[in-house]
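To keep things clear, I will list the structure first and then write my remarks on it.
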Number of protein chains: 2
Amino acid sequence: MARKISDSTVRRLSRYLRRLRTLDRQELKVVSSRELAESTGTTAAQVRKDLSHFGSFGKRGQGYAVSDLRVHLEEILGLTRRWRVAVLGVGKIGSALLGYGFFTQRGFDVVAAFDSDRSKIGRELAGVSVQALSELEQTFVDREISIAIIATPVEAAQKAANRAVRAGAQAILNFAPIKLRLPPEVAVREMDVTLELEGLCYLVTEAGAAAEETE
Amino acid sequence: MARKISDSTVRRLSRYLRRLRTLDRQELKVVSSRELAESTGTTAAQVRKDLSHFGSFGKRGQGYAVSDLRVHLEEILGLTRRWRVAVLGVGKIGSALLGYGFFTQRGFDVVAAFDSDRSKIGRELAGVSVQALSELEQTFVDREISIAIIATPVEAAQKAANRAVRAGAQAILNFAPIKLRLPPEVAVREMDVTLELEGLCYLVTEAGAAAEETE
């Protein structure tokens, strides 16, 4: 049964899973909601609530079976399989992502990279050969790519995303500082550094104003 | 008056501001909530609701005065001043961030970079000289740095963040795939690529399951 859960719940589930994978590697058998909460920056009540969405995993007062819960979360998150990823735009951010070893470890295989800059095409970066955008459609089909990471300059981002979607991408991770317009069936997450920095500025400014008020 | 608004509202305000800055540069005087909504991927009702938190900016039926609203949003977000940023860890992601021209344009000056790797110390990257971690405290004070970007390997992230906070950082942007534990007065935002990719996998998997159910 598929049910809608919020992005923030999904992020917490990912964090629980990370912790469970570590505990499982260490061959620990049982974990309490408190331990899981502490290592992921939330509360035990939140852990129990999040996990209760998906049925009852733990036994009251006995904690969760580490290995079982890990498998369940992998199933819920769709992480029992590997995912094929393409990077569109191999500037600074794109190149950094291509070399990011953590992806492979977590089930993501970056199998293609594209750029419009002729001087980059044909170059090999972290084992992936940079291709011309004209080869995008065929490559997405041939290599069964389902996720596109957009790391182009802002002006090129929407076109690149459209192209990836037409080629079959089901999900887009967008590093360009622009809100993409995409069909509703395409999953999108934004990685917008400046937006997050501006959010921090708001919080710092607000805290400063609050401190002044109480003086 | 400082009032708590949610992270997602703050993100939308940032997007409105981006759009307003562009319109202002184009010397457009007035913008409707609909136009603002369309260019930022939300609804006109949401725009009106978000802006109503901060007093009444628009005249009914006449839209918002572009320049006034831009200035107001800059004040709300704390973006009437420039912010000094340090990058901790100059691996692939850290180096990419150092060269990211969009920061300067948006009011962020990356004025320092640190690494524990001796072979990197003293190197100049995008006009910033990489320093040893031992110089962190003095540099934060001397250069009045308020934001630290954590781009270290995961094992080093918590220590680096602690150090930045002790040196006076008021805000942390964290690229390491770990939930940092920091004092409540420090503002934190996470830029966790793998977490976002896993969120996309959940959405794609869920959509697939929903499609099967309706077949």
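Along its three principal directions, the equivalent ellipsoid of the protein assembly as shown from the Cα gyration tensor extends over semi-axes of 32, 28, 26 Å, largest first.
Protection proxy ranking for A:118-125, B:91-98, using the average of other Cβ atoms within 10 Å per residue and placing the highest first: B:91-98, A:118-125.
Peptide A:67-78 shows a mean partner chain C-beta count of 2 within 10 Å per residue C-beta. Averaged over the residues of peptide B:205-213, the number of Cβ atoms from other protein chains lying within 10 Å of each residue's Cβ is 5. In the assembly of identical copies, A:ALA156 has its label point, taken 7 Å from Cα in the direction of the beta carbon, separated from the corresponding points by 3.1 nm (ascending, one decimal). Using only Cα atoms, find the angle between the long axis of helix A:66-77 and the longest principal axis of chain A, and express it within 0 to 90 degrees, rounded to the nearest 10. Roughly 40 degrees between the two axes.
Distant-in-sequence amide contacts of A:LEU125, defined by a placed amide H-H separation under 5 Å and a gap of 5 or more residues or a different chain, comprise A:VAL130. The Cα atoms of chain A give a gyration tensor whose axes a ≥ b ≥ c have a/c of 1.5 or more with a/b no greater than b/c, which makes the shape oblate.
Count Lys and Arg as plus one, Asp and Glu as minus one, and take only other residues whose Cβ is under 13 Å from that of A:VAL165; the net charge is then +2. Using a Förster radius of 41 Å, what is the FRET efficiency between A:ASP68 and A:VAL141 based on their Cβ-Cβ separation? Nearest 0.05, please. With R0 = 41 Å, the Cβ-Cβ based efficiency is 0.65. For peptide A:184-190, the mean count of partner chain Cβ atoms within 10 Å of a residue's Cβ comes to 5.
Report summary: the helix-based calculation at 222 nm, which adds -39500 (n - 2.57) for every DSSP H run with n ≥ 4 and divides by the residues of chain A, gives -14500 deg cm²/dmol. Taking the alpha carbon gyration tensor of the range B:7-77, multiplying each eigenvalue by 5 and rooting it gives semi-axes of 15, 13, 12 Å, largest first.
Taking K and R as +1 and D and E as -1, what net charge do the other residues with C-beta under 12 Å from the C-beta of B:LEU79 add up to? Residues close to B:LEU79 contribute a combined charge of +3. B:GLU38 label point (Cα plus 7 Å toward Cβ) to equivalent points in the other copies: 5.5 nm, shortest first. Where chain A is rotated onto chain B, the residue of A whose Cβ comes nearest the axis, and that gap in whole Å, is A:ALA96, 2.
Working from the Cα coordinates of the range A:83-195, the gyration tensor eigenvalues give, after taking √(5λ), semi-axes of 18, 15, 15 Å in decreasing order.
Coordinate-derived values only; no laboratory data. Predicted, not measured: the structure shown is a model, and the values here were computed from it. No Cβ is skipped: glycine too gets one built from the backbone with ideal geometry, and neighbour counts run over all protein chains shown.
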